[in-house]
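Beneath this line is the structure, given in structure tokens, with notes to follow.
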Amino acid sequence: MKSFFRKAPQFWERRGPTSLLLWPLSWIYGLLLRLRKLLSDLDFVKQKYSPVPVIIVGNIRVGGTGKTPIVIALAQRLNQMGWKPGIISRGYGSHPLTQPTQVFASSNPDLVGDEAVLIAHRTDNHFPIWVFPKRSASIAQLLKHSPDVNVIISDDGLQHHGLVRWPAREGGRDVEFVVRDARGEGNRFLLPAGPLREPANRERDATLFTGNSRPPRSAGDLGDYFQGRRAFALKVHLNTPYQLHHRENTKTLDEIAQAYLPNKIVAVAALGNPQGFFDDLRKQGIASKCIPLPDHATYTPEFFSKIKAECILITEKDAVKCTHIQDERIWVVPMTLHIPDDLAEWLQSILQRPDPNRYTL
């Protein structure tokens, strides 16, 4: 089942016979969600809030929507604004962890997850990063080892009820972001008939649009989905590719397009939405054969040796899992994401609020 969700089935994108046949299971899933929320709202077990604000970057659609690049960009932007961010993650794609574990650029992605290692690599180990399924335990260890951290960014966690939060929309300082890519909500059914973990109108403090996804012109375009909610469009940029084991050896995408025939270039991506990477390459003039793989897939030298190409393009998330592979044909395509000023200013205003946990009525 886990591997099934790593590669979205086509029937999730529209309402057809298969999705309609599975809809009763989606109805049961939705009922369980409502029951779970009810139990959470009753607050049988009193849980403690984090002593510092938590920014959750999550999604309601199964699979990657571009959360990790946003986490990286947010950490870097907040650092520029004078904050000291820390980062937590579940450690997707890793072996089961028994305790919170700190992640560095040199960490084994098989043990701590490829996304966490990518964050450490891209930020040059500048921010403390901890992974563990129980995010409250990760926060405790992070703050114990890095007491100067004054804001925490969670890579995913919207559906993790163990991470208690006081959302900004309710007067708190914790922020819940929903990331939405060009695929949108597909057929808008819950699992397993559709791709949604939660209903499309799930509460959030803001929606972050990536890829070709753009905020609608009016709230009525998608019912009440965006009514009264903030939305920000984040632009993705593909930067100059570098050779996998020779970072100093670079070629622009234009140079690659001119140096190799289209049938001699292959693009490989193990992402939640690999088509987004392929589309971005195509916009930059790279016409290539595309090999999409399930999210968090592992690589072997044999896999690449079977590819008949003179140039193989991969993402940085793939690159952290290819350090053991010696293949001069592999080029890594870095990607950066820009945080708009209005988003940064709004975040600043939320994080500067007095701690609401200190006041009781």
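Please go through the stretch 31-100 and write out the chymotrypsin sites (Phe, Trp or Tyr not before Pro) that DSSP classes as loop and that have at most 12 other C-beta atoms within 10 Å.
Sparse-neighbourhood loop chymotrypsin sites (Phe, Trp or Tyr not before Pro): 44.
Rounded to a whole number, what % of the accessible area of the stretch 16-55 do carbon and sulfur atoms account for, probe 1.4 Å?
For the stretch 16-55, the apolar C and S fraction of the accessible surface comes to 72 percent.
Given points 7 Å out from each Cα along the Cα-Cβ axis, report the residue 355 to residue 38 separation in nanometres with one decimal.
Placing both labels 7 Å along Cα→Cβ, they lie 3.6 nm apart.
Taking a probe of 1.4 Å, how large is the accessible area per residue of the stretch 291-350, in Å²?
Per-residue value: 42 Å².
Could you check the simple spin-label distance between residue 342 and residue 182, using points 7 Å along Cα→Cβ, in nm with one decimal?
Reported label-point gap for residue 342 and residue 182 is 2.3 nm.
How large is the helix-only mean residue ellipticity at 222 nm for the chain, computed as the sum of -39500 (n - 2.57) over DSSP H runs with n ≥ 4, divided by its residue count, in deg cm²/dmol to the nearest 500?
-8500 deg cm²/dmol
Can you pull the one-decimal nm distance between simple spin-label points at residue 259 and residue 47, each 7 Å off the Cα toward Cβ?
Spacing of the two 7 Å Cα→Cβ label points: 5.0 nm.
So what is the accessible area of the stretch 1-132 per residue, in Å², with the probe set to 1.4 Å?
Spelled out: the 1.4 Å probe surface of the stretch 1-132, per residue, equals 55 Å².
So I have (1) 49, 27, 18; (2) 43, 28, 18; (3) 33, 25, 20, and one of them is semi-axes √(5λ) of the Cα gyration tensor in Å calculated from this model. Which one is it?
This structure yields the entry labelled (3).
For residue 84 and residue 279, what does the FRET efficiency come to when R0 = 22 Å and r is the distance between their Cβ atoms, rounded to the nearest 0.05?
For R0 = 22 Å, the calculated efficiency reads 0.05.
Mind jotting down the distance between the C-alpha centroids of the stretch 153-175 and the stretch 296-361, whole Å?
Between the Cα centres of the stretch 296-361 and the stretch 153-175 lies a distance of 22 Å.
Provide the gained length on full extension for the span residue 27 to residue 237, in nm with one decimal, where the gain is 0.36 nm per separating residue minus the Cα-Cα distance.
On the way: separation 210, 0.36 × 210 = 75.60 nm, distance 3.92 nm.
Extra length available between residue 27 and residue 237 comes to 71.7 nm.
Would you work out what percent of the accessible area of the stretch 241-361, with all protein chains in place, is carbon or sulfur (probe 1.4 Å)?
Whole-percent figure for carbon plus sulfur exposure: 52.
So between residue 125 and residue 307, what do we pick up on full extension, going 0.36 nm a residue minus the alpha carbon distance?
Result: 62.2 nm gained on full extension.
Around residue 60, which amide H atoms from residues at least 5 apart in sequence, or from another chain, sit under 5 Å from its own amide H, with H modelled in the peptide plane?
Those qualifying (amide H under 5 Å, at least 5 residues apart or on another chain) are 179.
How large, in percent, is the carbon and sulfur part of the accessible surface of the stretch 80-207 at a probe radius of 1.4 Å?
Taking all protein chains in place, the stretch 80-207 shows 50 percent carbon and sulfur surface.
The values are calculated or read from the model by the stated rules, or taken from the named source; none is laboratory data. Keep in mind it's a predicted model, so treat the numbers as computed, not measured. In this analysis, Cβ positions are derived from the backbone assuming ideal geometry, glycine residues included, and neighbour counts consider all displayed protein chains. These accessible areas exclude ligands, DNA and RNA; they are computed on the full protein's heavy atoms, side chains included. Shrake-Rupley method; radii C 1.70, N 1.55, O 1.52, S 1.80 Å.
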